[in-house]
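Presented below is the structure to which this report refers.
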Amino acid sequence: GQNIDQPTEMTATEGAIVQINCTYQTSGFNGLFWYQQHAGEAPTFLSYNVLDGLEEKGRFSSFLSRSKGYSYLLLKELQMKDSASYLCAVSYSGAGSYQLTFGKGTKLSVIP
Amino acid sequence: DTEVTQTPKHLVMGMTNKKSLKCEQHMGHRAMYWYKQKAKKPPELMFVYSYEKLSINESVPSRFSPECPNSSLLNLHLHALQPEDSALYLCASSQGPGLAGGGEQFFGPGTRLTVL
């Protein structure tokens, strides 16, 4: 089975840095994804980690430690439009396809 | 083309109606997915099609019936739904296993379904 844990809600100030943590226990690990989802919209891809270390993409970075079952998403220079839910999802392969199991999501509120 | 399209965007139906949701992708992906998402919850996997064959059915009630007519299209047929089935239905696609990409799933915009 898959078990993914992330904080329910976070609040941060515009222009600041915020780190959203995700811990997981899974079998058949094939990578970890972060998705952003604004209310009423579909999830959009932010990052993918399959090896240990940091992946940087503009204002967003994601880190993975497979031995610890741990990842984080780092958002820098926060903007109001970054207010959204951030979903940690673990990918595993089985039955001829990749599957994603999502964490419950972290609702980030950016305040002025 | 890196887009997954879904129609309709919104659907209101009665409990005795029959309707269908449609999903299309032209990225050459061989795996397609249906998810159900309730408000303030993460997406829940319903079905997975791999190479046009149903590979996973996550114990979904039979009032939901998926269909994959070809590698680009995925349908979800709805019949005798209940009000608690009201949700956002998301379609996604990804490359098949053994190919590069790690299984990133591209999501469509979703269909907002309301069952009266």
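The values are calculated or read from the model by the stated rules, or taken from the named source; none is laboratory data. This structure is a prediction, so every number in the text was calculated from the model and none was measured. Every residue, glycine among them, receives a Cβ derived from its backbone with ideal geometry; neighbour counts consider all protein chains shown. To get the accessible areas, we keep the full protein, side chains included, count just its heavy atoms, and leave off ligands, DNA and RNA. Shrake-Rupley method; radii C 1.70, N 1.55, O 1.52, S 1.80 Å.
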Among residues of the range A:6-16 being within 15 Å of the chain's Cα centre (by Cα) and part of a loop (DSSP other than H, G, I, E, B), the residue surrounded by the fewest Cβ atoms within 10 Å (Cβ to Cβ) is A:T8
Checked the range B:41-75 for anything part of a strand (DSSP E or B), surrounded by fewer than 17 Cβ atoms within 10 Å (Cβ to Cβ) and either touching a Phe, Trp or Tyr at 6+ places or on another chain (Cβ under 8 Å) or within 8 Å of chain A (Cβ to nearest Cβ) (or both); matches are B:E44, B:K53, B:L54, B:S55, B:N57
Within the range A:29-45, restricting to residues that are within 11 Å of chain B (Cβ to nearest Cβ) and open to solvent by 30 Å² or more (accessible area, probe 1.4 Å), the one that is nearest to A:S62 (Cα to Cα) is A:F45
Quick check: anything in the range B:89-107 crowded, with 17+ Cβ neighbours inside 10 Å, of a type outside the set (A, V, I, L, M, F, W, C), part of a strand (DSSP E or B) and facing chain A (nearest Cβ under 8 Å)?
-> yes
So, first residue of a type in the set (D, E, K, R) in the range A:68-81, second residue loosely packed, with under 14 Cβ neighbours inside 10 Å and outside any strand (DSSP E or B), Cβ within less than 8 Å, six or more apart or across chains; the pairs are A:K76/A:I17; A:K76/A:R59; A:E77/A:G15; A:E77/A:I17; A:E77/A:R59
